[in-house]
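One structure is given here, and the rest of the page talks about it.
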Amino acid sequence: MQQHKTKKLSHDELDLVFARIKNLIKKEAKNSSIFITGGTGFFGCWFLESLLYFNEKLKLNIFITILTRDKEAFRKKAPYLFDVPEVNFWEGDIRDFPFPEGMFDYIIHSAGAPKNESRINRFDVFTSGTKRVLDFAKICGCRKFLFVSSGSVYGKNLNIKKFEENLNTIPFYEEGYAELGLAKRAGEFLCYEYSKEYGFEAKIARCFTFIGPYIPLDLNFAAGNFIRDALNGGPIVVKGDGTAVRSYMYMSDLMVWLWTILFQGKSCYPYNVGSEEEITIGELALKVAEVYRRLTGKSIDVVIEKSPDPSKPVDRYVPSTKRSREELGLKQTVSLDEAIEKTFRFYMSR
């Protein structure tokens, strides 16, 4: 299989974030220290690169510490992010990392768990890791703590068109990836209790599905897998029946939403983050193929491995973002077609 290495985000991409929140960042983050978990992952690379861009453009004197399991692995992945004076990479396991010295104004907790571990171990990484980071928050002077939660906290409620934040459901334990939803619910509870006990603000962002540069091409991300299939010459393979309904937000929009929630959101008050523009997985595969044809002039096939079962309800995973839009003034600015094209261009220009 052809390998696709990442490259640094372009200034055009980072300007999509900078132009919308530069005043907010300048007001809130100047001369601050920020601690980030998950800083070498899909979300984390965007957090880090956007912060470095803010520093460059506004001379903000932001100092960033990234918790990582393996510094050398990240050096190989993105050397251009490694040897930067305002960034410190702190090595350790999320569950028991030694606390770095000094004070941190903000903590962004976006760490995941290894996909190849058992559900028990993944649940432990999520919950024990969140508690460890909160234990650090209570002693490091943290003022605002962003917990990157997940739409999976709602479970599979197949009759609900769009998930709203006040939906008090949880995943059934037999559901696929139930450990993620249950652990994120537990993490939200921990954030609430630590915030009340120790006085820092805990912001909760329930994130759905996203697309953009740095999306993994070899994990359980349909959009990333379809882009990988296209880059490898096709066909694009849909593992299921293609009827599942999802929605996709581009990463520059995600960054604007998450920075805004961190700085302006209410404490212990969850916000859904994602797109309301729904699309079936089968339609997404066709759209990826069409964008690829438009960019390269090459047509590729789409193969859907299973036939739909009319007796089964449709698997839906789409947020209502009314709260985020109306209370924080947030909006989606990049269409799905643009998002797919931008992601292709990122990987094609490696």
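Pick from the range 166-205 the residues that are more than 17 Å from residue 107 (Cα to Cα) and hydroxyl-bearing (Ser, Thr, Tyr): which of them is modelled with the highest pLDDT?
Top of the filtered list is 169.
Identify all residues within the range 100-125 that are loosely packed, with under 15 Cβ neighbours inside 10 Å and not basic (Lys, Arg); write none if there are none. Show your work before the answer.
Filtering the range 100-125 down to residues loosely packed, with under 15 Cβ neighbours inside 10 Å leaves 101-103, 114-118, 120-121.
Scanning the range 100-125 gives 101, 102, 103, 114, 116, 117, 118, 120, 121.
When you scan the range 29-40, do you find a residue that is among the aliphatic types (A, V, I, L, M), part of a loop (DSSP other than H, G, I, E, B), under 27 Å from residue 131 (Cβ atoms) and at pLDDT 95 or above, even just one?
Here is the first cut: in the range 29-40, the residues among the aliphatic types (A, V, I, L, M) are 29, 34, 36.
Within this subset, residues satisfying the condition of being part of a loop (DSSP other than H, G, I, E, B) are none.
So far as the range 29-40 goes, no, none of its residues is among the aliphatic types (A, V, I, L, M), part of a loop (DSSP other than H, G, I, E, B), under 27 Å from residue 131 (Cβ atoms) and at pLDDT 95 or above.
Which residues, counting only those in the range 326-336, are touching a helix residue (DSSP H, G or I) at 6+ places or on another chain (Cβ under 9 Å) and either assigned to a strand (DSSP E or B) or more than 16 Å from residue 266 (Cβ to Cβ) (or both)?
Within the range 326-336, 331, 332, 333, 334, 336 qualify.
Every residue in the range 72-88 that is within 14 Å of residue 36 (Cβ to Cβ) and either hydroxyl-bearing (Ser, Thr, Tyr) or without any contact (Cβ under 8 Å) to a residue 40 or more places away in the chain (or both), please.
Once the filter is applied, which keeps residues that are within 14 Å of residue 36 (Cβ to Cβ) and either hydroxyl-bearing (Ser, Thr, Tyr) or without any contact (Cβ under 8 Å) to a residue 40 or more places away in the chain (or both), the range 72-88 yields 74, 84, 86, 87, 88.
What pairs come up if the first residue lies in the range 167-184 and is more than 13 Å from residue 113 (Cβ to Cβ) and of a type in the set (S, T, N, Q), the second is part of a helix (DSSP H, G or I) and modelled with pLDDT of 85 or more, and their beta carbons are under 8 Å apart, counting only those six or more places apart or on different chains?
The qualifying pairs are 169/154.
Which condition breaks for residue 111 when tested against (1) among the small types (Gly, Ala, Ser); (2) assigned to a loop (DSSP other than H, G, I, E, B); (3) closer than 24 Å to residue 316 by Cα?
Tallying (1) among the small types (Gly, Ala, Ser); (2) assigned to a loop (DSSP other than H, G, I, E, B); (3) closer than 24 Å to residue 316 by Cα, residue 111 fails exactly one: (3).
The values are calculated or read from the model by the stated rules, or taken from the named source; none is laboratory data. Keep in mind that what you see is a predicted model, and the values were worked out from it rather than measured. We place every Cβ from the backbone using ideal geometry, glycine too, and count neighbours over all the protein chains shown.
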